[in-house]
Amino acid sequence: MSGKRFHACATCVNFQAVKQDGKMKYYCSRLGYETKSHYQFDCWDPKEHVKKLMAKTKS
């Protein structure tokens, strides 16, 4: 499955958005630190709906 077009932290199962002190903070639950939605790491594991989109565009 080639996910180059979809590969970003925001599409990963480990991405968490948390509102803290009135501001949004974005974390990777696997890596354990703050990230940004557009970052990319090799540990990327796409969310289920992203897998479906990737499969649909592959056809």
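Every read-out reported here was derived from the displayed coordinates using simple, explicitly stated rules and does not represent laboratory data. On a predicted model such as this, the values are computed, not experimentally measured, just so you know. Counting neighbours? That spans all protein chains shown, and the Cβs are built from the backbone with ideal geometry, glycine included.
Worth a mention:
- Cα→Cβ-extended label distance, 7 Å offset, between residue 10 and residue 36, nm: 1.2 nm
- Taking label positions 7 Å along the Cα-Cβ direction at both residue 18 and residue 43, the computed distance is 1.5 nm, reported to one decimal.
- Dipole of segment 9-58 [Lys/Arg +1, Asp/Glu -1 at C-beta], most positive-end residue of 24, 44, 57: 57
- Neighbourhood net charge (13 Å Cβ-Cβ; Lys/Arg +1, Asp/Glu -1) for residue 16: +4
- About the centre of its Cα atoms, the chain shows a dipole size close to 300 debye [charges on the beta carbon of Lys, Arg (+1) and Asp, Glu (-1) only; nearest 20 debye].
- Environment charge at residue 56 (Cβ cut-off 15 Å; Lys +1, Arg +1, Asp -1, Glu -1): +4
- Which label in (i) 1.16; (ii) 1.03; (iii) 0.96 gives the computed Rg/Rh (Cα atoms, Kirkwood Rh): (ii)
- Net length gained if the chain between residue 25 and residue 55 were fully extended (0.36 nm per residue, minus Cα distance): 7.8 nm
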